[in-house]
């Protein structure tokens, strides 16, 4: 599946349900490892285009739990490269409960444990927008497929959480 078919429709359906809620967008990934940089790249590109707080957590999202809590979000959207066995650039949304079935992380703390820690202090949910990587090798650039997926996710989030005039949310 590519970002243009079924899985993207599922992502849009879930995200539309979150539209209007107070969210934090958290990017996770390693900028030195090709497509693993999807989360941080999205944060860099979208921070000035959405009304939600945007946090680039790099490879240590657990270090940002207090900053997330400070914003008192109803929901948290984590954007990360996740290997779920699809075609590179495929976009899929996962709940924290669904993370158990994937070996997804290049990060210190498991995504599920991180999500469980955050979920204790919010009223809604923690959702992972996973982008299937083509490669995560040290020193490689981001692939064309993942770059396209990042642009697609940016477009959806910009529509659902539009920036109000005279606001800033860069963290």
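The values are calculated or read from the model by the stated rules, or taken from the named source; none is laboratory data. This is a predicted model, so every value here is computed, not measured. Glycine gets a Cβ as well: all are built from the backbone with ideal geometry, and neighbour counts include every protein chain shown.
Output the residues belonging to region 119-131 that are over 30 Å from residue 145 (Cα atoms) and touching a strand residue (DSSP E or B) at 6+ places or on another chain (Cβ under 7 Å). Outline the logic, then answer.
Filtering region 119-131 for residues over 30 Å from residue 145 (Cα atoms) gives 119-124.
119, 122, 124, listed by residue number.
Screening residue 87 against (1) surrounded by 18 or more Cβ atoms within 10 Å (Cβ to Cβ); (2) out of contact with any helix residue (DSSP H, G or I) (no Cβ under 6 Å at 6 or more places or on another chain); (3) assigned to a loop (DSSP other than H, G, I, E, B) leaves a single unmet condition, (1).
Of everything in region 30-52 that is surrounded by fewer than 20 Cβ atoms within 10 Å (Cβ to Cβ) and in contact (Cβ under 8 Å) with a residue 60 or more places away in the chain, the residue that is nearest to residue 124 (Cα to Cα) is 51. The set of residues in region 145-161 being within 18 Å of residue 76 (Cα to Cα) and within 13 Å of the chain's Cα centre (by Cα) consists of 150, 153, 154, 156, 157. Among the residues here, residue 55 qualifies as surrounded by 18 or more Cβ atoms within 10 Å (Cβ to Cβ) and not in a helix (DSSP H, G or I). Among the residues of region 31-45, is any over 26 Å from residue 139 (Cα atoms), in contact with a strand residue (DSSP E or B) (Cβ under 8 Å, 6 or more places away or on another chain) and not in a loop (DSSP other than H, G, I, E, B)? No: zero hits. Comparison of 15, 42 shows that the only residue that is under 20 Å from residue 131 (Cβ atoms) and modelled with pLDDT of 90 or more is 42.
Here 76, 156 are screened, and the one residue that is surrounded by 19 or more Cβ atoms within 10 Å (Cβ to Cβ), touching a helix residue (DSSP H, G or I) at 6+ places or on another chain (Cβ under 7 Å) and within 22 Å of residue 13 (Cβ to Cβ) is 76. Taken over region 110-138, the criterion of being under 21 Å from residue 62 (Cβ atoms), in a loop (DSSP other than H, G, I, E, B) and in contact with a helix residue (DSSP H, G or I) (Cβ under 9 Å, 6 or more places away or on another chain) is satisfied by 110, 121, 122, 124, 125, 136.
Picking from residues in region 15-29 that are in a loop (DSSP other than H, G, I, E, B) and touching a strand residue (DSSP E or B) at 6+ places or on another chain (Cβ under 9 Å), the one that is surrounded by the fewest Cβ atoms within 10 Å (Cβ to Cβ) is 21.
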